[in-house]
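One structure is given here, and the rest of the page talks about it.
The values are calculated or read from the model by the stated rules, or taken from the named source; none is laboratory data. Everything numeric here is computed off the predicted structure, so don't read it as measured data. When we count neighbours, we look across all protein chains shown, and the Cβ atoms used for this are built from the backbone with ideal geometry, even at glycine. For the accessible areas, the whole protein counts, side chains as well, though only heavy atoms, and no ligand, DNA or RNA atoms are used. Shrake-Rupley method; radii C 1.70, N 1.55, O 1.52, S 1.80 Å.
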Amino acid sequence: APGLWAPGARAGLRLPRMVVFDLDACVWDPEMCFLPNKPTIVERGPLPGVGGEGVVSLGCAGRRGPKVRMFPGAVLAIQEMLTSPDWEGVSIAAASSSEEPTYSFACLEALEVMPGRTLGSVFDFLAVGRTGELSSDKKTPVRP
């Protein structure tokens, strides 16, 4: 179907009009449901790919526990989409059925994919959180 494809910068290159990233366990780890509270403790460090320094993890206050970190491959894929002319015209989106959407938004607002560029700022569309319960196959809403 012609409406599904973006033209791409190079002749013959067919790209989707939108790439959607799942957040929990795909862009970052751990999943938000495993955190004891909203992550707020910023850790800066070297960013993969383009280099430079940025916010590479978020920890939870008052507890020793997991820090939210992005997978290097996810960071590199997003950097590629932001910097390569091949991806011009392709929208970037994020979707997550996170049980803790406020935790997810804290990560989107703090974690950086490039120096000074937060993860949340790269997405043209965001769908984070749940509305009601999902069936066991996570495909249909459960109606009371």
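Taking a probe of 1.4 Å, how large is the accessible area per residue of the stretch 32-90, in Å²?
55
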TODO: Largest first and in whole Å, give the semi-axes of the stretch 40-91's equivalent ellipsoid, each being the square root of 5 times a Cα gyration tensor eigenvalue.
DONE: 28, 11, 8
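Report the FRET efficiency, 1/(1 + (r/R0)^6), for residue 80 and residue 22, where r is their Cβ-Cβ distance and R0 is 22 Å, rounded to 0.05.
Working from the Cβ atoms, E equals 0.80.
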Task: Distance histogram for the stretch 14-139 (every C-alpha pair counted, 10 angstrom bins, percent rounded to whole numbers) - done: 13, 44, 32, 11, 1
